[in-house]
Amino acid sequence: MQDVSAFTNRLAKNYKHYAKWARRQGLDAWRVYDKDVPQFPFALDIYGSRVHLQEYDTGWEMGDDEYRAWIDAVVAAIAQVTGIPAAAVTLKNRRRQKGVSQYEKVGAAGEDFVVEEFGQRFIVNLDQYLDTGLFLDHRNTRKRVREEAAGKRFLNLFAYTGSFTVYAGAGGAVSSETVDMSNTYQDWSRRNFELNGLDLGKHKLVRADVFQYLEEAVDAGKRFDLIVMDPPTFSNSKKMRDILDVQRDHVWLIDYAMALLAPGGWLYFSNNLRTFQLDDRLSQDYQIQDVSGQSVPEDFRNRKIHQCWRISRA
């Protein structure tokens, strides 16, 4: 019998606090556990009546039978604490042996369902992809964009499933461009826009490599009042002209985005590379405010899940 009491106790304590907190905030999706107990290296997110359970790779060696028993005990504890049945738990882990756990469903078609966040609605899928369709750690930044978007022309770069644009539209942005090179994500964005009643005549989806888009947009003299750029740490997608390395490329990306910024506008730039350092040269050219302290939500124990800056012209 696996002893998971340390995990169960911590999860119960967290769940009691954050379930009430999430209800007050109007959140269907929130983080309840994040490696709080080192022997249980999981991130556990509630999505409505389901659980997204991610196992961090620790390099621990464990036989398949032992591992299966351990995971089964962890999932049973989750079901006991949250009241969410084991069948509604999706496990994402590093093990690739087949049949290690009944909870591992990555690559299955999965099922789309809708969660609500601060009054906005989003389509998520816990099974089909590594990510769910909604990055919970940027919830506060999305809300901030909604508060600041009235009357503005908005640009969303590396847009993923368009959630920042949903918030900008809800906040009264007069127009927007949402740029991502994935057909899958652009289609997901369009469905999110329709779900939230955005006018697709004003809110344009642009399937493009961001590097190429920025060059062409600067050449065309486009202007935006509010820009969000949240690039991946690294990407070598065949659709991209070059390999993206956020540490190496961020100065170029920020310079080009700032060239599109109308007077009085600002850019939110964020990434989740733990070792990331903003180039010193940027602070000579622009006014830069580190807003990571406010942008990381309180349900994230890991305060370094991302870094976020608000950048304007000096």
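The values are calculated or read from the model by the stated rules, or taken from the named source; none is laboratory data. What you are looking at is a predicted structure, and each value in this text was computed from that prediction instead of being measured. Cβ: placed from backbone, ideal geometry, glycine included. Neighbour counts: every protein chain shown. Ligands, DNA and RNA are stripped out before the accessible areas are found, and what is left, the full protein with its side chains, is counted by its heavy atoms. Shrake-Rupley method; radii C 1.70, N 1.55, O 1.52, S 1.80 Å.
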Quiz item: Residues in the range 79-99: is at least one touching a residue at least 60 places away in the same chain (Cβ under 8 Å), open to solvent by less than 60 Å² (accessible area, probe 1.4 Å), of a type outside the set (Asp, Glu) and touching a helix residue (DSSP H, G or I) at 6+ places or on another chain (Cβ under 9 Å)?
Solution: yes
Quiz item: Can you name the number of the only condition in (1) over 20 Å from the mean Cα position of the chain (by Cα); (2) among the small types (Gly, Ala, Ser); (3) at pLDDT below 95 that residue 235 fails?
Solution: (1)
Quiz item: Which of (1) open to solvent by 60 Å² or more (accessible area, probe 1.4 Å); (2) modelled with pLDDT of 90 or more; (3) of a type outside the set (Ser, Thr, Tyr) does residue 76 not meet, given it meets every other one?
Solution: (1)
Quiz prompt | Filter result (assigned to a loop (DSSP other than H, G, I, E, B) and either closer than 21 Å to residue 43 by Cα or touching a Lys or Arg at 6+ places or on another chain (Cβ under 6 Å) (or both)) within the range 113-136 | solution = 118, 125, 126, 127, 128, 129, 130, 131, 132, 133, 134, 135
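Filter the strands (runs of 3 or more DSSP E) completely within the range 137-230 down to those with at least 1 residues that are in contact with a Pro (Cβ under 8 Å, 6 or more places away or on another chain) and open to solvent by 20 Å² or more (accessible area, probe 1.4 Å). Break it down stepwise before answering.
Numbers: elements: 153-157, 175-180, 203-207, 224-229.
The strands (runs of 3 or more DSSP E) meeting that bar number zero.
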